[in-house]
Amino acid sequence: MVHGKLEVLLICAKGLEDTDFLNNMDPYVVLTCRTQEQKSSVAKGAGSEPEWNETFVFTVSDDTPQLNLKIMDSDLTNDDFVGEATVPLEPVFQEGSLPPTVHQVIKEEIYCGEIKLALTFTPAETRRPDEEEGTYSSWN
């Protein structure tokens, strides 16, 4: 079984539907990997072409099938849902890292933009039970 660290570099989005009518929207992303949830900063006034260039780290195993991204527009009262993307994790478990890749953003089953991110998976070090504390080796 694979255990390790998933590093997500959230780069940018484009072509998003602007949910604000008077001003440019203030998008942010909620990243969810199983029960772990993290939130990007708000790209204030970035409208439909936000840039984040932020890194997030999740603890994952091979029974973690996907990373979910929910794009929201920060508002004073209720934040608006902009769209979402689902990123399968099997390829990064196999390859170790994936270069910046564009994923479709969907809202109500309709394409509504793109989000770009890069993924890196680092397997956890394992330790034999008979080894001294502080010395590690990889073994299966």
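The values are calculated or read from the model by the stated rules, or taken from the named source; none is laboratory data. Because the structure is predicted, anything quoted here is derived from the model rather than measured. With ideal geometry, Cβ positions are generated from the backbone for all residues, glycine too; neighbour counts draw on all protein chains shown. Heads up: the accessible areas ignore ligands, DNA and RNA and are worked out on the full protein's heavy atoms, side chains in. Shrake-Rupley method; radii C 1.70, N 1.55, O 1.52, S 1.80 Å.
Here is how the numbers come out for the structure above:
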read-out	value
Qualifying residue in region 70-90 (condition: closer than 13 Å to LEU117 by Cβ, of a type in the set (D, E, K, R) and in contact (Cβ under 8 Å) with a residue 12 or more places away in the chain)	no
Options ASN53, ASN24: the member that is open to solvent by 60 Å² or more (accessible area, probe 1.4 Å), part of a loop (DSSP other than H, G, I, E, B) and not acidic (Asp, Glu)	ASN24
Verdict on GLU90 being modelled with pLDDT under 95, in contact with a Pro (Cβ under 8 Å, 6 or more places away or on another chain) and either of a type outside the set (Phe, Trp, Tyr) or exposed (fewer than 15 other Cβ atoms within 10 Å of the Cβ) (or both)	yes
Residue in region 60-67 that is in a strand (DSSP E or B) and without any contact (Cβ under 8 Å) to a residue 40 or more places away in the chain present	yes
Options LEU9, LEU31: the member that is under 23 Å from GLY96 (Cα atoms), touching a residue at least 24 places away in the same chain (Cβ under 8 Å) and open to solvent by 20 Å² or more (accessible area, probe 1.4 Å)	LEU9
Residue within region 38-50 that is open to solvent by 70 Å² or more (accessible area, probe 1.4 Å) and of a type in the set (Asp, Glu) present	yes
